[in-house]
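A.B. asks: Okay, here's the structure, questions in a sec.
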Amino acid sequence: MDLLRFATAGSVDDGKSTLIGRLLMDSKAIFEDQLEAVETTSQNRGFDYTDLSLFTDGLRAEREQGITIDVAYRYFATPRRKFIIADTPGHVQYTRNMVTGSSTADLGLVLVDSRNGLTEQSRRHALILSLLRVPHVVLAVNKMDLVDYSQDVFRRIQDDFVSFSTKLDIPDLQIIPISALKGDNVVTRSENMPWYEGPSLMYHLENVQIAADRDLQDVRFPVQYVIRPQSDDFHDYRGYAGTVAGGVLKPGDEVMALPSGLTTTVAAIDLFDTEVEAAFPPMSVTVRLTDDVDISRGDMLCRVNNQPDVTQDVDARICWMATQPLRPGAKYLIKHTTRTVRTIVKEIQYQLDVNTLHRNQNVGELKLNEIGRVRFRTTQPLLTDTYERNRTTGSFVVIDPANGSTVAAGTIL
Amino acid sequence: MKAHRDYRLTQLDELEAESIHIFREVAAEFEKPVIMFSGGKDSIVMLRLAQKAFYPARVPFPVLQVDTGYDFPEVLATRDGWVERLGARLIVASVEQAIADGVVIDDGKTSRNRLQIGTLLHAIEEHGFTAAFGGGRRDEEKARAKERVYSHRDEFGQWDPKNQRPELWSLYNGQLHEGEHMRIFPLSNWTELDIWHYLRQEQIEIPSIYFSHRRRVFERDGMLLTESDYNPLRAGEEASERQVRFRTVGDLTLTGCVESDADTFDAIIDEISVARLTERGATRGDDRFSEAAMEDRKKMGYF
């Protein structure tokens, strides 16, 4: 059994919580006591149906306002796969939550109400999935029951989305007409839409190929922690612990340590008390080397003929997540792989209009939830790839040292 | 030498790798971390993962347990076994002692579970811990579903759910100011079934009360509670011996058991796969008081 992480986003009314409630219920991830609590609440509110959205409305503030305000994680499993859902709200001010939820996703699920068609929010979500290079996207056209399961309505939305998405970078797209409330095409194929010949949503989630999305070519091993037991049994043991960010690393491989540029050979790769034949993403292992080279946290192992950039100038697309706007000249911290460095904002090149995709140049600042292209200069070099090439070595967060908050997410261009 | 077919990991391998990454990240970035140990299966899985993360070196943090005075003896025995195996330092923060010192107030109505909060926060402050690992899982409860892996606590030890730091990729932000600390949840993405599958895969020692055994129990508020001096029978209650096991372990005056014949990991996994009640809803008196019970306790600084 493997693991698929997917991100959903949708407006308050397009039935996202109902859809997730149904996926959880139909895969038996909901227990009787949870179901009873939700049924009671539904009755108390005077509904004549069980409000499935109540399963996922977590915090009291949300229940009071009747909206979802943050990223929530849900879990369910079928005999084929375990699923982690990053469930994010769709309203305008929460772009940052969509970015957060999408950052780890293998698949993005965009939900639209068939009566309204594509909205600003569904476009924004598709754009964010594309910017964060989520490899698989599903557009679920919901509430088909309310448009008499009309193929024309579905086709119109499908055409709209396809023409919009050609401006984006979406490697794999599946469009599915569903009714979350009635269950059409959620787990089983709907008899109400014989004109639709594709898979049900659940079938697609269970079968979409994700293994090929990983980079097994370019070896990137950011050193996270140096293990030196200094015990009698392991007197000379010195291991470099970390999570493989790219490529396949094997004992006997010649590797280069950056930023020093020294070359050495992999002696062994440990996973607890056993040695492994190969380490690949996202394994957490400990690498032992044949030579005693000086390597510490923040350094990176790679191949001699395949190296990341070593640079103090970072050109990136960022999503600004703080109330205080971003302005040139401001100083922050950047955390990139296992390295945290000080940085100064050199230039805001443009701000991206998430609806028209227009690049607004000559903006003096980036505000909360805005996306733009920014140049940073760092005090020490970072070991980077473009985000397009590697989602781990191509991503970073910006931290405001004054209050410790995470103020931006960046993808390197 | 171990090999993986087609360079693929199972979901348990992937969860393990993610948790190990979190342990190492905390070890590298925080001055004074501690593992909060409840004695339950989740905190035992944490110890196992910590052991794997730093092997062959020792786990570089102490283990902190809040002793309610009402702990199951089987749990304390397992704890001692693990502490010895890891060679870790054990710190016990006693609720009894906290009551005696006036750190928390026992008004006779507040459960030991609630008194743990004050005791825990006091211990964290007293020892100056900057990061405290907890075994919380997001699948346990709705409020937990929104909690970060690195969950920031202010100088009063409180959680502010509306002001959480966004958490992207596997880039955890460990910035702290004086007096603040971070709760770390390395098992965030594990479900109850994942925990059991992992315990089986690794053949990990857990308290014997998780497995089916004979025990004298009585019914209270729809739960089966263990007969004990700490938990005198009330009028109309009657104890009898039954074949039971515990799905969670906590304060023995509040933790219910279920009738079960499951005496192996396999049997427990079969039982849970068809269970229709959440582990907390079924057997934890402390979570049943209100729909927002967990959210309230978390804001105050609960695990």
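A.B. asks: Where the only charges are on Cβ atoms (+1 Lys, Arg; -1 Asp, Glu), what is the dipole of chain A about its Cα centre, to the nearest 20 debye?
C.D. replies: Working: 44 positive and 55 negative charges, 251 e Å.
Charge dipole of chain A: 1200 debye, to the nearest 20.
A.B. asks: In addition: Looking only at GluC sites (Glu not before Pro) in DSSP loops with at most 10 other Cβ atoms within 10 Å, what is the longest site-free stretch of chain A? Working shown, then result.
C.D. replies: On the way: sites that count: A:191, A:197.
Answer from the scan: A:198-413.
A.B. asks: Still on this structure, I have one more. For Cα pairs less than 8 Å apart in space and 6+ apart in sequence, what is the mean separation divided by the residue count of the range B:1-96, i.e. the relative contact order in percent?
C.D. replies: Computed over the range B:1-96, the figure is 27 percent.
A.B. asks: Compare the Cα positions of A:178, A:166, A:195 along the charge dipole of the range A:130-195 (+1 at Cβ of Lys, Arg; -1 at Cβ of Asp, Glu; about the Cα centre) and return the one farthest towards the positive end.
C.D. replies: Of the options given, the answer is A:166.
A.B. asks: Sort out for me the Cα centre separation of the range A:163-242 from the range B:173-236, rounded to whole Å.
C.D. replies: 32
A.B. asks: Straight-line reach from residue B:2: which aspartates and glutamates have Cα under 14 Å away, leaving out those fewer than 8 places along the same chain?
C.D. replies: A:270, A:273, A:275, A:277, B:13
A.B. asks: Now, a different point. Looking at chain B as a GNM with Cα springs under 10 Å, which of B:233, B:254, B:168 has the largest mean-square fluctuation?
C.D. replies: Of the options given, B:168 has the highest mean-square fluctuation.
A.B. asks: Can you sort A:182, A:143 by 1.4 Å-probe accessible area, starting with the largest? If you can, show how the numbers build up before the last one.
C.D. replies: Values: A:182 125, A:143 40 Å².
Ranking A:182, A:143 by accessible area, largest first, yields A:182, A:143.
A.B. asks: Considering only protein heavy atoms, what per residue accessible area in square angstrom results for chain A with a 1.4 angstrom probe?
C.D. replies: Per residue, chain A has an accessible area of 40 Å².
A.B. asks: Over the whole of B:183-192, what's the average partner chain Cβ count within 10 Å per residue? Rounded to a whole number, please. Walk me through the intermediate numbers first.
C.D. replies: Numbers: counts 0, 0, 0, 0, 0, 2, 7, 1, 6, 1.
Going residue by residue through B:183-192 and averaging, the value is 2.
A.B. asks: Let me ask something additional. For residue B:146, give me every one of the lysines with a C-alpha distance below 20 angstrom, ignoring sequence neighbours fewer than eight places off in its own chain.
C.D. replies: Hits, sequence-local ones excluded: A:16, A:82, B:162, B:298, B:299.
A.B. asks: By the gyration tensor of its Cα atoms, with a ≥ b ≥ c the square roots of the eigenvalues, what is the shape of chain A: rounded for a/c under 1.5, prolate for a/b over b/c, or oblate?
C.D. replies: Numbers: a/c = 2.02, a/b = 1.56, b/c = 1.30.
The shape class here is prolate.
A.B. asks: Tally Lys/Arg at +1 and Asp/Glu at -1 over every other residue whose Cβ is under 10 Å from the Cβ of residue B:61; what's the total?
C.D. replies: Working: positive: B:32, B:58, B:89; negative: none.
Neighbourhood net charge equals +3.
A.B. asks: While we're here: Looking at the range A:233-322, which chymotrypsin sites (Phe, Trp or Tyr not before Pro) are in a loop (DSSP not H, G, I, E or B) and have at most 15 other Cβ atoms within 10 Å?
C.D. replies: Counting only loop positions with at most 15 other Cβ atoms within 10 Å, the chymotrypsin sites (Phe, Trp or Tyr not before Pro) in the range A:233-322 are A:234.
A.B. asks: Buried accessible area between A and B (1.4 Å probe, both chains summed, ligands and nucleic acids excluded), in Å² to the nearest 100?
C.D. replies: Approximately 6600 Å², summed over both chains.
A.B. asks: Just to be sure I understand the rule: take each whole DSSP H helix in chain B, project its Cα atoms onto its long axis, keep it if the span is 18 Å or more and its mean Kyte-Doolittle hydropathy is at least -1.0. Which ones pass? Write down the numbers at each step before the final one.
C.D. replies: Values: long enough: B:11-29 (27 Å, -0.21); B:41-54 (20 Å, 0.32); B:73-86 (20 Å, -0.38); B:112-127 (22 Å, -0.52).
Both cut-offs are met by B:11-29, B:41-54, B:73-86, B:112-127.
A.B. asks: With the cut-off at 1.5 for a/c, could you classify chain B from its C-alpha gyration tensor as rounded, prolate or oblate?
C.D. replies: Details: a/c = 1.63, a/b = 1.17, b/c = 1.39.
It comes out oblate by the Cα gyration axes.
A.B. asks: What percentage of the solvent-accessible surface of chain A, computed with a 1.4 Å probe over protein heavy atoms, is contributed by carbon and sulfur atoms?
C.D. replies: The nonpolar share, carbon plus sulfur, comes to 43 percent.
A.B. asks: While we're here: If I ignore ligands, DNA and RNA and count only protein heavy atoms, how much of residue B:259 is accessible to a 1.4 Å probe, in Å² to the nearest 10?
C.D. replies: 110
A.B. asks: Under a Cβ-Cβ cut-off of 10 Å, what is the net charge of the residues other than residue A:303 that fall near it, where Lys and Arg count +1 and Asp and Glu count -1? Please report the intermediate quantities before stating the final value.
C.D. replies: Details: positive: A:220; negative: A:218, A:253, A:254.
Result for the neighbourhood of residue A:303: -2.
The values are calculated or read from the model by the stated rules, or taken from the named source; none is laboratory data. Quantities reported herein were computed from a predicted structural model and do not represent experimental measurements. Neighbour counts run over all protein chains shown; Cβ positions are idealised from the backbone, glycine included. The protein model used for the area step is the full one, side chains on, heavy atoms only, and it has no ligands, DNA or RNA in it. Shrake-Rupley method; radii C 1.70, N 1.55, O 1.52, S 1.80 Å.
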